[in-house]
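A.B. asks: I have a structure here, written as structure tokens, and I will follow up with some questions on it.
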Ligand code: SF4
């Protein structure tokens, strides 16, 4: 094990303090992205090539209605595949044949790699190329890795979108400037942003990923892109390589983040302040009113982020500046300094940001600080609840529509819920039983 110097927040510094360690980055399985991606791209299918464990993860996390035609499945690697007794490529071709003959509505098939497929070195990119030759143009076949060996769970979306970038058509040199919003957003959020962009006079707007896999936006010089999610490092890199220009902006969480994010697009398209104010005044006002309800319940409370979703810095900025919370530490699995710079610049002076922190040392700092709320992955939530700390699952912040003005109040309310839950538990249970419950390391207590 490597010994690290203890991390402490510097005082009197006007910038956030960034400390880097080489702790664990693999905080949850990248297959998780399928749960929100399959809802977003409505004619896509995600075929995980993995084990029964992968199938259980996806099925229990996403939930499947038995009468619905699901848009994800697992091609299970059996023992004879692992033992080399069967040709995994032949088996995969057979499964894909069956699937696409039964489901002609599928227009985009993702072969999704997993830990087991990587361990047996099954080359899914080769399989995807072979199958794409057979089924394109009726169905495109792409591949990416959702393996949990070395990933954060949000990297699954980055890998899926990065796999789609080479399919995007080239933008004609004489076509007008366009705006590309990158990152899966709930349809309701996408519709709200589309209306605001129209009110601003920005009409040439596309969202990536699209709702239908065939509605692919053209990319090239003249494409200005706004990242809607902070975990799309590889996708952004590939889009920039195709000539897209990234607009630097904080992520659209809360009133401040949404205004600055929309403002970056307005500035890039030469829209003046008066037009911007006219287009955003009403939703800004609604968001500010929604925040008034929750701010008193959060103001002054301390919060500690363990690294998980990569949303930590924008969330901390929102909670500090708009909800009045006190940030103890912002742990991030990876810190993309360019993409994060606008949010980091808005964090309170001296905020401690840790990248890839050693988890044991971070737990010690958390226990010493006794924050009012801890945002963390599922693996840490229940043990911390058992120690009497109030927790919030960070994965819930990825599943829930939280971007934009109309969701600012909902986002704040997500952080109020653990406090309400604790209060309800302490009211419902006699004092002795409540103490016992807080001390018992049981599952489910942190589902807020
Ligand atoms: S991909 Fe790996 S981490 Fe994810 S469910 Fe499968 S075995 Fe587990």
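Here, each number is a calculation from the coordinates, and none is a lab measurement. All values reported here derive from a predicted model rather than from experimental measurement. Glycine also receives a Cβ, built like all others from the backbone with ideal geometry; neighbour counts cover every protein chain displayed.
A.B. asks: GNM, the chain, Cα, under 10 Å: largest mean-square fluctuation among 150, 387, 413?
C.D. replies: Ranking 150, 387, 413 by mean-square fluctuation puts 387 first.
A.B. asks: Quantify how much of the Cα-Cα distance distribution of the stretch 30-151 extends past 16 Å, in percent.
C.D. replies: Numbers: 4296 of 7381 pairs.
Summing the P(r) of the stretch 30-151 above 16 Å gives 58 percent of all pairs.
A.B. asks: Given the stretch 185-246 reduced to its alpha-carbon atoms as identical point scatterers, what log10 I(q)/I(0) does the Debye formula return at q = 0.20, 0.22 Å⁻¹?
C.D. replies: One equal scatterer on each Cα of the stretch 185-246 leads to -0.90, -1.07.
A.B. asks: Additional query: What nm value, rounded to one decimal, do you get for the distance between residue 334 and residue 129 when each label is placed 7 Å out toward the C-beta?
C.D. replies: 2.4
A.B. asks: Oh, and also: Arranged by the count of other C-beta atoms within 10 angstrom, fewest first, what order do 78, 256 take? Each step should come with its number before you reach the end.
C.D. replies: Values: 78 14, 256 18.
Taking fewest neighbouring Cβ atoms as first place, the list is 78, 256.
A.B. asks: Still on this model: What percentages make up the Cα-Cα pair-distance distribution of the stretch 94-246 when the bins are 10 Å wide from 0?
C.D. replies: Distribution as computed: 10, 35, 35, 17, 3, 0 percent.
A.B. asks: If you take all C-alpha pairs in the stretch 291-370, what percent of them are over 17 Å apart? Intermediate results must be reported in sequence, preceding the final value.
C.D. replies: Details: 1396 of 3160 pairs.
Here the long-distance tail beyond 17 Å is 44 percent of all Cα pairs in the stretch 291-370.
A.B. asks: Just to be sure I understand: with springs between alpha-carbon atoms less than 10 Å apart, which residue in 368, 349, 313 has the highest mean-square fluctuation in the Gaussian network model of the chain?
C.D. replies: 368
A.B. asks: Continuing with the same structure: With a 10 Å Cβ neighbour count serving as the proxy for reagent exposure, in which order, fewest first, do 96, 49, 112, 18 appear? Please report the intermediate quantities before stating the final value.
C.D. replies: Numbers: 96 23, 49 27, 112 32, 18 16.
Arranged by neighbour count, lowest to highest, 96, 49, 112, 18 become 18, 96, 49, 112.
A.B. asks: Turning to a different aspect of this structure: So what's the chain giving for Cα Rg divided by 2.2 N^0.38 Å, two decimals?
C.D. replies: Values: Rg = 22.8 Å, N = 448, 2.2 N^0.38 = 22.4 Å.
That ratio works out to 1.02.
A.B. asks: May I ask you to derive the relative contact order of the chain, considering only C-alpha pairs under 8 Å and at least 6 residues apart, and to give it as an integer percent?
C.D. replies: On the way: 821 pairs, mean separation 79.4, N = 448.
After rounding, I find 18 percent.
A.B. asks: In whole Å, what are the extents of the stretch 278-435 along the principal axes defined by its C-alpha atoms, from largest to smallest?
C.D. replies: 56, 37, 28
A.B. asks: Just the Cα atoms of the stretch 165-324: what Rg and Dmax do they give in Å?
C.D. replies: Values for the stretch 165-324 (Cα only, Rg and Dmax): 16.8, 53 Å.
A.B. asks: May I pose another question? State, as an integer percentage, the relative contact order of the stretch 178-280 based on alpha-carbon contacts under 8 Å between residues 6 or more apart. Could the numbers behind the result be given before it?
C.D. replies: Details: 135 pairs, mean separation 28.8, N = 103.
Here the relative contact order equals 28 percent.
A.B. asks: Counting pairwise Cα distances across the stretch 138-221, what percent come out greater than 16 angstrom?
C.D. replies: On the way: 2113 of 3486 pairs.
Cα-Cα pairs of the stretch 138-221 separated by over 16 Å account for 61 percent.
A.B. asks: Just the C-alpha atoms of the stretch 252-326: what Rg/Rh do they give, with Rh taken as the Kirkwood radius?
C.D. replies: On the way: Rg = 14.4 Å, Rh = 13.7 Å.
In the stretch 252-326, Rg relative to Rh is 1.05.
A.B. asks: Ok, one more. Sum -39500 (n - 2.57) across every DSSP H segment of at least 4 residues in the chain, then divide by the residue count to get the 222 nm mean residue ellipticity, nearest 500.
C.D. replies: Numbers: 18 runs with 202 residues, N = 448.
My calculation for the chain gives -13500 deg cm²/dmol from helical runs alone.
A.B. asks: With a 10 Å cut-off between alpha carbons and a GNM built on the chain, which of 356, 331, 270 moves the most?
C.D. replies: 270
A.B. asks: Further question on the same structure: What's the exposure ranking of 141, 119, 95, going from fewest to most Cβ atoms within 10 Å?
C.D. replies: On the way: 141 24, 119 13, 95 17.
Lowest to highest Cβ neighbour count: 119, 95, 141.
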